[in-house]
Each structure stands twice: as structure tokens, then as C-alpha cells.
Amino acid sequence: MAVPAFEEYEPAADCVCAGCAAQRRSAARALPVRYGGHPAAHGARRALVLATAAGVVLGGGVAEAAGMTGPAARSAGAARAEPDGDSPQGGPGPLRGAGAAGPPSTTTATPKLRPTTREAIIQRARGWVTAQVPYSLSGYWSDGYRRDCSGYVSMAWNLPGNEWTGSLAAFGTRIPRSQLQPGDILLFHNPADPAKGSHVTIFGGWTDSKHGHYTAYEQTKPHTRRVTTPMAYWSHSADYVAYRYRGLTGGGAAGSVSRAFPGAGKFGPGARNAHVTRLGRMLVARGGQRFYRAGPGPGWGDADRRATRAFQRAQGWRGRQADGIPGPGTWGLLVNGTGRDIPAAGNGGSNQDGKYPGRGYFRAGQSNSHVERLGKQLVKKGFGKYYTSGPGPRWTEADRRNVEAFQRAQGWRGAAADGYPGPETWRRLFG
């Protein structure tokens, strides 16, 4: 058989073969020595490429697994929530690309702190989750931040440069795990070998009353994710340290802001207090900015009611549960950063309010704005691999296959996953 030409490829994130595991370790060791890299990394990397080439000649099955991508690769990793624990990172440095207009990295004894809020941190973290930013040791996203775990936290904390696990602590205050609140981080830095196990996650709120699991926002292979995680992590759990960003504003820097529901009497017509301001800011962070022409502020207004109602309806609540006045359930989801965000408003045209337009628009020969809108949402959700161009207004087999992939990802089979969107498919895509 012909031996293919080899390049230094990025190994599959969930492949367990020796070749991919070795290359992931080699990539981690390729950091500069001053950031914990290994001086023999370059030679090891070349040896790995040669060893991988030999593996293809001697064992085609292993080589195929090492280069596995697409549905087969995703299925291989779907059985477990945790990553393979091998997501190396780069060292500190300035922003890159479109985000490089800001000042360089400020890793010093007294780093510059940009003021921010918990709500803003979670909002930025969610932005990468929504975009499913692909993991990269050396690549940068459009905002200038490096696409690894520490670059992700640098972005969420709005730091002036790209930091790493060895420098992030300088921007935070160490806190007990029991005091964790959304926007804080859990950091493990291995000073003996920074490329071995070092990692950082953003705390998004507790998911059980015993505080055994939490919602973690993290940048790992293959892309940014938001997932329920055991406290503090699957590996090296005891070594993770909780930190709070020292530039927090709004009284949250010391953890003094209570998460307890202040009571229904603090909201509604005539109410004027700090709780109304806090509610508005949380709603803005969850997609409610369009309801506020000014503010949010301490005086209760129609903008607060409409934004609250939109958030309640995003959870699937109706009737008295979505009356626009926050109760304990609404407040709990907001302060913990959980639940569904307020969906984006339509940009004009018919049926831009999220309502299902009907089956007749999605059939062979149909060409309309609903088909194009469906396609764009599929791409946004990560189900656009069958498009070779577009998506566009004309219904094609690519549309049907992408819809089918989305439906099957919901666990549906048979007629429920025929590739033609029904009301529930539409609700899950746009909800």
C-alpha cells in the first residue's frame, strides 16, 4: 500500500490510541521552557511523527482511529462527559488579531484590574459556549484571546492579555470552595510540570443541594462547553483552588451579595430598591438587553416586567408562572446562572418571534425565509456539516440531513428523526 505524506496533525480529542495520546502529551510539553515546557519536546515531537507513520504501515486500524473525525469520533466520546485530561495551554502573552488593540499582558506583582460583574463574566463565558469555539493550543478567537482553558478565563474575566494557569491567581483572591459564586474559578496549576494536568474552569453555580456537583464553563477539546462537573474536577480534584476575580464590582468582590430571594414585595409597580437594579442586570446578562432603553435602575418599570416575563417563558413556563414578577424559582435560576437564556429577537420579516411556521414550508421544491432561518440556526447549534454551500432559502437534502442529525442528537429515532422539522424540533432549536 502507498504510504501517505505525514504532517504534524492535531490528534483526536477522544481517541484512546497510543499515537494520539502520545501526541497530546508532546503538544503539552512543547511550551517554552520558562512556562514549564520540556527541553526535549522538539525531538520527542519529531520521533512521534515517525512513530505514527510506522503505525500506519504496520497497523491501519490504529492509524484510522488516530485520524478519526466527524460522527464516529463524536460518538466515541459521547459516553463520558469528562475530557481526556490532556488539554495543554500556552504561556502568557498579548491579545492577538482583531482583539489586539488593547494593552499587552499585565502579568506583574500588581496587575491592572478591569472592573466587571458576575453577570458580565457569565455572559462572556456563555458567548464562547454558544459559538462552540474550537480548542487550540496556539489559535486565537476573534476577540483576541487564546483558545485554551486559561485564555478562556482571561476572556471571561476581561483581562488585558492572555494569561495561563501559572499567572491567573495574581488576578484573584483565594476563597473557600463553600463560598463559590458564579464567575469565580477553580484552578489547578502543577508547578512541577505545568503541562501535566494543569487546568481551570469557571464556576457557574451549584447543581445539587450537597454541593457535590456544579455547572462548569470550560475550554477543552473539542470546543467550549457548559457541563455538570463533580467538585472540583474528574482528576486532581483535591488540588483545585477557588479564586474570585479582584476586579468585581457591585459588592460581589467579598462575596457579600446574598443569593437568597429578597421577597416578591421588592418587585412590581412602585418598587424602588437595589434588588430591582440587580434583577435587571442579571436579565441583561441573560439576553434581556433589548427590553431596556435605559438602565437597568432601581425603579421598577415595564422593561423589568417584560424582561422577566421573557426569561420565564424561555424556561417553558406559562400563565401565572410567567407573569413578569420574579419569584424564588426565577431568582434562583438567575443568581446561579442556570436555566435557559432569553432567546434573541427576530430581525424583521414574518415569523421572527420563534413560533413554528408549519410543516408545509419544509418540503422538496419549497423556497422561503423559514428554510434559510432554519439552516442558519442549525449551523449555529453545530449541526451544519452537510452544507457544502449556504444555507439558503431553498429546501435541499442537506437541510433534511442536518435536521435529522439534530433530531437524533435529542435521542429520537424512527419517524421522530425523519429530517423534517416539527413543532418540538423547532422549539428546541430556537428555544
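The values are calculated or read from the model by the stated rules, or taken from the named source; none is laboratory data. Nothing here was measured: the structure is a model prediction, and the numbers come from that model. So basically every Cβ, Gly included, is an ideal-geometry build from the backbone, and we count neighbours across all protein chains shown. SASA here: full protein model, heavy atoms, side chains in, ligands and nucleic acids out. Shrake-Rupley method; radii C 1.70, N 1.55, O 1.52, S 1.80 Å.
Which one of these is over 19 Å from Pro115 (Cβ atoms), among the hydrophobic types (A, V, I, L, M, F, W, C), free of Cβ contacts under 8 Å to residues at least 60 places away in the same chain and not in a strand (DSSP E or B): Ala216, Ala232? So that I can check it myself, show each step before the final result.
Details: Ala216 fails: not in a strand (DSSP E or B).
Testing whether each residue is over 19 Å from Pro115 (Cβ atoms), among the hydrophobic types (A, V, I, L, M, F, W, C), free of Cβ contacts under 8 Å to residues at least 60 places away in the same chain and not in a strand (DSSP E or B) leaves just Ala232.
Residue count for segment 154-182 satisfying the condition of being closer than 16 Å to Arg114 by Cα and out of contact with any Ser or Thr (no Cβ under 8 Å at 6 or more places or on another chain): 7. Among the residues here, Thr338 does not qualify as among the polar types (S, T, N, Q) and without any contact (Cβ under 8 Å) to a residue 24 or more places away in the chain.
Among the candidates Lys210, Lys221, the residue that is modelled with pLDDT under 90 and open to solvent by 10 Å² or more (accessible area, probe 1.4 Å) is uniquely Lys210.
Considering (1) within 22 Å of the chain's Cα centre (by Cα); (2) modelled with pLDDT of 90 or more, the lone condition that Thr173 does not fulfil carries the number (1).
Within the span defined as segment 116-130, one or more residues are modelled with pLDDT of 90 or more, closer than 30 Å to Arg278 by Cβ and touching a Pro at 6+ places or on another chain (Cβ under 8 Å). Residue count for segment 246-270, restricted to those that are open to solvent by less than 50 Å² (accessible area, probe 1.4 Å) and either of a type in the set (S, T, N, Q) or at pLDDT 95 or above (or both): 1.
Within segment 158-185, the residues that satisfy the criterion of being in contact with a helix residue (DSSP H, G or I) (Cβ under 8 Å, 6 or more places away or on another chain) and closer than 26 Å to Gly212 by Cβ are Thr165, Leu168, Gln181, Pro182, Gly183, Ile185.
Okay, residues lined up against (1) open to solvent by 60 Å² or more (accessible area, probe 1.4 Å); (2) in a helix (DSSP H, G or I); (3) without any contact (Cβ under 8 Å) to a residue 24 or more places away in the chain; (4) in contact with a Gly (Cβ under 8 Å, 6 or more places away or on another chain):
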{"position": "Leu378", "(1), (2), (3), (4)": "no, yes, no, yes"}
{"position": "Tyr386", "(1), (2), (3), (4)": "yes, no, yes, no"}
{"position": "Arg401", "(1), (2), (3), (4)": "yes, yes, yes, yes"}
{"position": "Thr425", "(1), (2), (3), (4)": "no, yes, yes, no"}
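The set of residues in segment 129-154 being open to solvent by less than 10 Å² (accessible area, probe 1.4 Å) and under 13 Å from the mean Cα position of the chain (by Cα) consists of Val133, Asp148, Cys149, Gly151, Tyr152, Val153.
Restricted to segment 231-245, and to residues there that are of a type outside the set (A, V, I, L, M, F, W, C) and open to solvent by 30 Å² or more (accessible area, probe 1.4 Å), the residue that is farthest from Gly382 (Cα to Cα) is Asp239.
Can you confirm whether segment 326-333 contains a residue that is part of a loop (DSSP other than H, G, I, E, B), open to solvent by less than 30 Å² (accessible area, probe 1.4 Å) and at pLDDT below 90? No, every residue in segment 326-333 fails to be part of a loop (DSSP other than H, G, I, E, B), open to solvent by less than 30 Å² (accessible area, probe 1.4 Å) and at pLDDT below 90. Remark: pairs (first residue in segment 146-168, without any contact (Cβ under 8 Å) to a residue 40 or more places away in the chain; second residue among the basic types (Lys, Arg); Cβ separation under 7 Å; 6+ apart in sequence or on different chains) = Met155/Arg124.
Within this structure, Gly280 passes the test of being assigned to a helix (DSSP H, G or I), crowded, with 21+ Cβ neighbours inside 10 Å and at pLDDT 90 or above. With the condition kept exactly as written, say whether any residue in segment 297-316 is over 30 Å from Arg174 (Cα atoms) and of a type in the set (Ser, Thr, Tyr). Within segment 297-316, one or more residues are over 30 Å from Arg174 (Cα atoms) and of a type in the set (Ser, Thr, Tyr).
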